[in-house]
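The values are calculated or read from the model by the stated rules, or taken from the named source; none is laboratory data. On a predicted model such as this, the values are computed, not experimentally measured, just so you know. Cβ: placed from backbone, ideal geometry, glycine included. Neighbour counts: every protein chain shown. Only protein heavy atoms, including side chains, enter the accessible area calculation; ligands, DNA and RNA are left aside. Shrake-Rupley method; radii C 1.70, N 1.55, O 1.52, S 1.80 Å.
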Amino acid sequence: MIKAILIINNHGKPRLTKFYENYSIDKQQQIIRDLFLLVSKRPERACNFLEVDDVFADKDTKIIYRHYATLYFIFCVDSNESELSMIDLIQTFVETLDKCFENVCELDLIFHIDRVHYILDEIVMGGLVLETNPAIVVSNYEMANKLEKSENPLMAGFQGVIQSIKPK
């Protein structure tokens, strides 16, 4: 089971935190700090799997991470999860973000955190993997965006203004 999913930038600032187990805010912040120190000090060519005993309360926690540009994508899982499947899940998550935001960057995570959480919830819910096909997740994301725009008359009017201004 997945215990937590974190996205942290190169300076240690969390850009997305999703804990699937109940921890106090202080414990969550301590976990984020400890994990960032662990993964940021590792060489680029080092293995992306870590077994940690002292970060979480239980002893069977594995850390699987990938470093893309300025962001660390960190998945904390129990010992029953496959490391390779989690690496693949990170890749799926990043590819999906890339398709939804057209070359995702750190600012997309900051300014569209609600959409990022929606995408993550399409892939993982309650610590269990729901969907691993990026095309299905992107389709659901686009359908939700269309529904949101159709229900919000202000956005519909704003889109009409934009369309009338654009040169043809």
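Overview of results
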read-out: Cross-chain or 6+ apart pairs with Cβ under 8 Å, segment 70-88 first and aliphatic (A, V, I, L, M), then modelled with pLDDT under 90 and part of a loop (DSSP other than H, G, I, E, B); value: Ile87/Asn48
read-out: Failed item in (1) open to solvent by 30 Å² or more (accessible area, probe 1.4 Å); (2) farther than 23 Å from Tyr118 by Cβ; (3) touching a residue at least 40 places away in the same chain (Cβ under 8 Å); (4) of a type in the set (A, V, I, L, M), with Leu37 passing the rest; value: (3)
read-out: Test for Ser85: is it among the hydroxyl-bearing types (Ser, Thr, Tyr), under 18 Å from the mean Cα position of the chain (by Cα), within 20 Å of Gly127 (Cα to Cα) and surrounded by fewer than 20 Cβ atoms within 10 Å (Cβ to Cβ); value: yes
